[in-house]
Amino acid sequence: MSDLNAKVTPVILAGGSGTRLWPLSRKSYPKQFVPLLGEDTLFRSVVRRLSGEGEGYAFARPVVLTNATFRFIVAEQLAQEGVDAEAIMIEPSVRNTAPAILAAALHLIAHDPEAVMLVAPSDQVVPDADAFRAAVSRGLGAARAGDLVTFGIAPTRPETGYGYLQVVAKPDGSGEPIKLARFVEKPNAERAGEMLARGDHLWNAGIFLFAAKDLVAAFEAHAPDVLAAVVPAVEQAEGDLGFLRLAPESWGRAPDISIDYAIMERAGNLSVVPYDSGWSDLGGWDAVWSHAGPDGDGVTVSGGATAIDCSDTLLRSDSEGMELVGIGLSNIIAVAMNDAVLIADKSRAQDVKLAVEALKAKGAVQAESFPKDHRPWGWVEGLLAGERFQVKRITVQPGQSLSLQSHFHRSEHWIVVEGTAKVTVDGDVTLLTENQSLYVPAGAKHRVENPGKIPVVFIEVQTGTYLGEDDIVRYEDRYARK
């Protein structure tokens, strides 16, 4: 049984953007929030994994680092797991992992000078949660003794897409911490094969365990410029609807640097916990294919996908009503959405980012924007657009509300197709049920609320001379958006 007084605080990194799993993962909605393997998301799975008890400790409430765009998605998925975060910290701008992890450490020290923190990315697959909790138990002694502990994954192939950790001795299978010899950058294929044969190199998982005070001491010694910027950003942080916004001016002075470069490659008090119970960062569609459980022919299908005489192939349709059929395919990745389709040789999975770069160069919105735009109250999905009209499907979650707003250049027609909506137009309040509609003229102050227990879904037809999202005036907004 765990000593419930021995707490480990999870620090979950949930910012960043994904390009290697395009078109399903995009800058506006990256892979950690997307149901990649079944109905679950990677973010929800890490929240569950870092909850409950391990041998000799119990997990405290997590601290989550994210950005303003994802804050309501984080809050929603935490609520789905029944988890109340210690803090959801909002990074005003992208500054890599070193400032983010330091901000979490400073926040924890302010409440508990002896706090121990476990840092984990939110976009990894760790199938055996119990085995991982046991690995954390094995690393706690070293962390409490003042070491900065990282986790090294036993390599299963000569991987060129990961950095490596060279340890002072080959792991003996016990999983006990080993002193770190050095970090190794992503190698070429020949070097990766040599390191695999040596047996003293592990994949760098980017997972860390240490006392918060020891991490701060490491920044004082090795990266004082990061510390100088992050301390005031945390001290001047402001609460906002349950989130903690780091002070933008101070945060903006922090160097854009990873924890590896800022601290881990410079510090001497480093240990590695070897881990061999399954791990992946789902760094490409080939990894998704592997974890999805290919059938005897090496085929995985999901959504509205059908494979006929295919082998070693992933077929995936992620749009309602979109049927994807593959015939006679071998070693192919095909992913279909309603606004973009990817077809690639499976051996070129790591080159999907080239597609994103090419689309950005030609100005295609599909490079970064997801067709379903998540909002704090639900989501909006574009269905059809022309020069002077747009058609959208809008879902409002139970108990949620759009802002009271108006538009200068467009009018709107609403048709409720599911649920019951409470609608306000220029002070007049009415209830709209399925198959009922309403016209909102340009300039009218209007709002849609969901007072019920099930989602409200309505079709919105916008018409006008200008249909941009910036044609909006907000008068009241429970989410404090400007």
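The values are calculated or read from the model by the stated rules, or taken from the named source; none is laboratory data. Everything quoted here is computed from the prediction, not taken from an experiment. Positions of Cβ are backbone-derived with ideal geometry, glycine not excepted, and every protein chain shown enters the neighbour counts. SASA here: full protein model, heavy atoms, side chains in, ligands and nucleic acids out. Shrake-Rupley method; radii C 1.70, N 1.55, O 1.52, S 1.80 Å.
The phi-based Karplus calculation (6.51 cos²θ - 1.76 cosθ + 1.60; θ = phi - 60°) puts the 3J(HN,Hα) values of segment 383-389 at 10, 7, 8, x, 5, 10, 8 Hz, whole numbers, x for Gly and Pro. What translational diffusion coefficient, in µm²/s and rounded to a whole number, does the Stokes-Einstein relation yield for the chain at 25 °C and a viscosity of 0.890 mPa s, taking the hydrodynamic radius as the Kirkwood radius over Cα pairs? Rounded to a whole number, D works out at 100 µm²/s. Close amide H pairs (under 5 Å, H built 1.01 Å from N) link residue 36 with 42, residues at least 5 positions away or on another chain. Compute the Cα gyration tensor for segment 216-347, then decide on rounded, prolate or oblate, letting a ≥ b ≥ c be the square roots of its eigenvalues: rounded whenever a/c is under 1.5, prolate when a/b is larger than b/c in the other cases, and oblate in all that remain. Note, shape of segment 216-347 comes out prolate. Scalar couplings 3J(HN,Hα) for segment 103-110, obtained by applying the Karplus form with A = 6.51, B = -1.76, C = 1.60 to θ = phi - 60°, are 4, 5, 4, 5, 5, 5, 4, 4 Hz; x denotes Gly and Pro. For helix 212-222, report the angle its Cα long axis makes with the longest principal axis of the Cα atoms of the chain; keep it between 0 and 90° and round to the nearest 10°. Tilt relative to the chain: about 80 degrees. According to the calculation over all Cα-Cα pairs in segment 1-89, the P(r) per 10 Å bin from zero is 17, 46, 27, 9, 1 %. Look at where the Cα atoms of segment 362-380 and of segment 416-471 average out, and the two centres are 20 Å apart.
For GluC sites (Glu not before Pro), the sites in segment 434-482 that DSSP calls loop and that have at most 12 other Cβ atoms within 10 Å are 469.
Secondary-structure-derived ellipticity at 222 nm for the chain, considering helices only, amounts to -6500 deg cm²/dmol, per-run term -39500 (n - 2.57) for DSSP H runs with n ≥ 4. Atom-type composition of the exposed protein surface of the chain places 50 percent of the accessible area on carbon and sulfur (1.4 angstrom probe). Give me the angle, in degrees from 0 to 90, between the Cα long axis of helix 352-361 and the longest principal axis of the Cα atoms of the chain, rounded to the nearest 10. Roughly 50 degrees, rounded to the nearest 10. For segment 282-292, the Karplus equation 6.51 cos²θ - 1.76 cosθ + 1.60, evaluated at θ = phi - 60°, returns couplings of 6, x, x, 5, 5, 5, 4, 4, 5, 6, 6 Hz by residue, with Gly and Pro reported as x.
Taking all protein chains into account, the per residue accessible area for segment 134-245 stands at 44 Å² (1.4 Å probe).
Figure note: 203, 379 ranked by solvent-accessible area, largest first, 1.4 Å probe, ligands and nucleic acids not counted: 379, 203. Amide H contacts of residue 18: 26, 27, 31, each under 5 Å away and 5 or more positions distant or on a separate chain (H built 1.01 Å from N in the peptide plane; Pro and chain starts excluded). For 473, 429, 184, the ranking by accessible surface with the largest value first comes to 429, 473, 184, using a 1.4 Å probe. Taking all protein chains into account, the per residue accessible area for segment 316-433 stands at 51 Å² (1.4 Å probe). Amide H contacts for residue 282 (H built 1.01 Å from N in the peptide plane; partners 5 or more residues away or on another chain; cut-off under 5 Å): 125. Residues 465, 97 ordered from highest to lowest accessible area at a 1.4 Å probe: 465, 97. Excluding same-chain neighbours fewer than eight residues apart, the lysines reachable from residue 170 by a Cα-Cα span under 21 Å are 179, 186.
With one equal scatterer per alpha carbon and no solvent term, the Debye-computed log10 I(q)/I(0) for segment 345-482 at 0.12, 0.16, 0.19, 0.21 1/Å reads -0.55, -0.86, -1.12, -1.33.
Taking the Cα atoms of segment 35-172, the ratio Rg/Rh between the radius of gyration and the Kirkwood radius comes to 0.95.
Taking all protein chains as they are arranged and a probe of 1.4 Å, the heavy atoms of residue 466 leave approximately 100 Å² accessible to solvent.
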